[in-house]
1. Collect the residues in segment B:366-395 that are assigned to a helix (DSSP H, G or I) and touching a helix residue (DSSP H, G or I) at 6+ places or on another chain (Cβ under 7 Å), keeping them in residue-number order.
2. Of the residues B:69, B:16, which single one is over 30 Å from residue C:262 (Cβ atoms) and modelled with pLDDT of 90 or more?
3. If you go through segment C:148-165 one residue at a time, how many are closer than 16 Å to residue C:111 by Cα and either part of a loop (DSSP other than H, G, I, E, B) or not assigned by TED's automatic domain parsing to the domain that holds residue C:184 (or both)?
4. So which of C:292, C:274, C:267 ends up being in contact with a helix residue (DSSP H, G or I) (Cβ under 6 Å, 6 or more places away or on another chain), more than 8 Å from chain A (Cβ to nearest Cβ) and in a helix (DSSP H, G or I)?
5. Which of the residues spanning segment C:32-51 are at pLDDT 80 or above and either within 7 Å of another protein chain (Cβ to nearest Cβ) or over 20 Å from residue B:381 (Cβ atoms) (or both)?
6. Can you confirm whether segment C:202-213 contains a residue that is in the same structural domain as residue C:286 (by TED's automatic domain parsing) and touching a residue at least 40 places away in the same chain (Cβ under 8 Å)?
7. Kindly indicate whether residue A:182 is away from chain B (no Cβ under 14 Å), free of Cβ contacts under 8 Å to residues at least 60 places away in the same chain and not in a helix (DSSP H, G or I).
């Protein structure tokens, strides 16, 4: 295709340094999630009042919080619950949302109606109500917050996938493939899925951040991760009380979230380009 | 019927009063007549009617509008207010009040004996669904109108805390005309005879008042007499700590409630703002150990938990010295408070744990007995937490681990909590209980106050002791202040000896005040009153 | 044919409303604790008062009976009275819908304009421009709204004094909360829009347009935007519905009245009539927005007309 050829030189470069940096950061995150002990000494929950709110420095690289806990240690140990919130919620939502969207977009009119009305019902409830009710039923905590956040991300994906599928299904190359006699499953796999996924992928990388931030907002309302779990969103929410006297309590967990979102997006975008390079 | 006072005379009078008055804030210069004062608060009432609502914040919102029959000073002495005088019968069951005859509610209704009767009847009526006031006069039998300005209140049994209860805003006298409007109307609008008149209460935003120009009946001994100095008063709801603080330092509000302790030093350093605080009366913020079920039925374990953790040091550090470490179940601001000595002694605590059979430690360092870990469960509702109590709890959890306790903080929602506590299925529960009356001890340690499925109570330590109940009843049956103080002293010493609870810190109301503001005073329940306040707007 | 489509649409809309109400009713009854305890809270009341509360709200009836009676009342337009707020549900919502709607529209409008501008300016531009844009957007998305609010207040209210810290009385007070809410929305919209634009800019018809001598700006505005807008519009519609009842954090930080605050309290206090009232409101908004959206899709992308 002409367009792809024109765009190719800009798109298919070698890995840029930014991509490398992001990839390395993600590997570090993986290590921290699997074996936090390798990257930080001590327990993230060891409180020492006498060392409370110390600034970043030699003793504590990133300072200490109001309980005198080392923030660097807590950030490292916080990778696991934080990624659980971000990746878990989005992963759950994408899976469920894609299945719903595909069945609605590809199924007959009746399937479409049933699925979309169910999605409508879910979507018509304020997401906050969904989250609060889920957390009131299941109790506050990281894992339950994942369900709550996923539940309100699902309908968005379902709708997006459905709209994409419908656009692609009626577009030129699917019609061409159909006329060439390709099987339905093959068309879905080769043509519809990759094309429907491209805009989805943009949303996914962004929504990993949104989900982590939603976790922080739930902590703000008192429903997020269970203290003393060092989940970043919860640390960020707790740090606001000390912002004017101890900025580091909130800023470093916030930075951790930003960098993680950034890394996922950079790597995600690269992955997306490859995906398109293959299918276009 | 507005009387005009020459402005010069008014200013002179104000100056004179300021010279001998008991305002809390300094450096505001001379009093100013007129103007608007904005008070940033961290919370708002669900229901404005203090007869029905149990919230502290309801009392503080209702106080500008409502006067009481009597007033309580900082030393716990009772003064005349809408009642000129009173007599208590020899059997201590009947109170006869002579009322002022020159008082008018802001809706024009006259204040008289019928009004007092209407108010007390309103408090005890089931339709009011009173969640606090009615429980403070539980033995109430009835009110009799003796004359137009004389009224007699009787009880089934002696009830010494009656006058102290009457002095609170929960017993604020409302216009009988307004009371007839019913609970739903009262939840949004109350009418009284106070120095201010309510304009509008908008949930989520706050409340506005204007001055009652006819006000001539401030309590005896009040620093300011006559109508309020402020033309307008506004309470603005600013829930988020940093926002409330920023609104104060940027001059958008004049006074704020609840300056976060971490920020007190910084606010003090700002030369446009001061910080003033007052200890709240009643039960201090304490950890109540379940005396009825689980490991804390053993007094050795309770004592070890209380004395093996340096609560005083934690409190001083975490609250930057703003809240005092508690040295009794009662706050020093409570009538009948007695300081009880106890000291931090981790060695003694360890010995007690050994004695109780928890000699071994498991892999994670927790003590075990017969292979069972020393685990205590602590239900906690994070969504409604105040004063960084969650941070404090995490600190205590960490310190308790050194002692060998595995403290499990159970993260509950409010409905779960409300279901769990009456069932008694917990080992620690935390509470502070504001009440300017020694009988707070009865709420906190009396057998009748243990929460059950039928009836909530504040005795969440589920402490039950017949001798103690006897002392508490005896203290209700006498109005002799010395005798009551002695009885409450005994109670405080005994619950301390039994380690029924772990007193943690004394809650103080901490106000941030612009220096242009003067004439603030404190209600006995530790919230500010604005009758004599002024603000010199730049 | 057209009339039949409208009838089906109306039918499914009612179905969605009913589904939302039923789901919310069931979910609220799954939350732990007895309603009467939630109403009383941690206060001391006698058995008389307790019974009064149970009688007043009919809490001793079976759950199906309560459900049936609630639906019956809703059909006749009666949403009931709040258990806790001492006012009818319609009054409670009525007092708060204005500020919520204001903030929602302001934030979504701001986000739509900013995101469109950003996407148009940065799509298929140099690496530096795109990198800068994505970087800013990512920083935007990783800041929770309460933090954005606190930071905005610190700078523009407490330091510079341009805007009031709280309230919903005038338009000045709307600016900071609208910006705080719009930040993450802008990010999402801009990403999706740029992605769409870049796709469309590769399409043959765009090349044809360029070949005919059409300027870059005109290509972007007249051709690309229209085709790239579809997923962004889906997102916009979703935001509108989501925000009306979902602004609780912003409302808390900026001390605004609103439906979110109302609902937070109602869920915690098991104030069923209020929760159901809010659900009915947001579901209605949702249904209406979607009907509008479907019409917009048809207008924007003629390709859909064949299947819709």
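The values are calculated or read from the model by the stated rules, or taken from the named source; none is laboratory data. Since the structure is predicted, the reported quantities are computational estimates derived from the model, not experimental observations. So basically every Cβ, Gly included, is an ideal-geometry build from the backbone, and we count neighbours across all protein chains shown.
1. Step one: filter segment B:366-395 for residues assigned to a helix (DSSP H, G or I), giving B:382-384, B:389-395.
Scanning segment B:366-395 gives B:382, B:383, B:384, B:390, B:391, B:392, B:395.
2. Details: B:16 fails: modelled with pLDDT of 90 or more.
Going through B:69, B:16 in turn, just one is over 30 Å from residue C:262 (Cβ atoms) and modelled with pLDDT of 90 or more: B:69.
3. Qualifying residue count for the region: 0.
4. Values: C:292 fails: in contact with a helix residue (DSSP H, G or I) (Cβ under 6 Å, 6 or more places away or on another chain); C:267 fails: more than 8 Å from chain A (Cβ to nearest Cβ).
Of C:292, C:274, C:267, the one residue that is in contact with a helix residue (DSSP H, G or I) (Cβ under 6 Å, 6 or more places away or on another chain), more than 8 Å from chain A (Cβ to nearest Cβ) and in a helix (DSSP H, G or I) is C:274.
5. If the condition is that a residue be at pLDDT 80 or above and either within 7 Å of another protein chain (Cβ to nearest Cβ) or over 20 Å from residue B:381 (Cβ atoms) (or both), then C:51 is the only one that fits.
6. Narrowing segment C:202-213 to residues in the same structural domain as residue C:286 (by TED's automatic domain parsing): C:202-213.
Checking the rest, the ones that are also touching a residue at least 40 places away in the same chain (Cβ under 8 Å) come to none.
There is no residue in segment C:202-213 that is in the same structural domain as residue C:286 (by TED's automatic domain parsing) and touching a residue at least 40 places away in the same chain (Cβ under 8 Å).
7. The answer is yes for residue A:182.
Listed here are the residues, each with its yes/no results for (1) surrounded by 23 or more Cβ atoms within 10 Å (Cβ to Cβ); (2) within 14 Å of chain B (Cβ to nearest Cβ).
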residue: A:73; (1), (2): yes, yes
residue: A:86; (1), (2): yes, no
residue: A:90; (1), (2): yes, no
residue: A:100; (1), (2): no, no
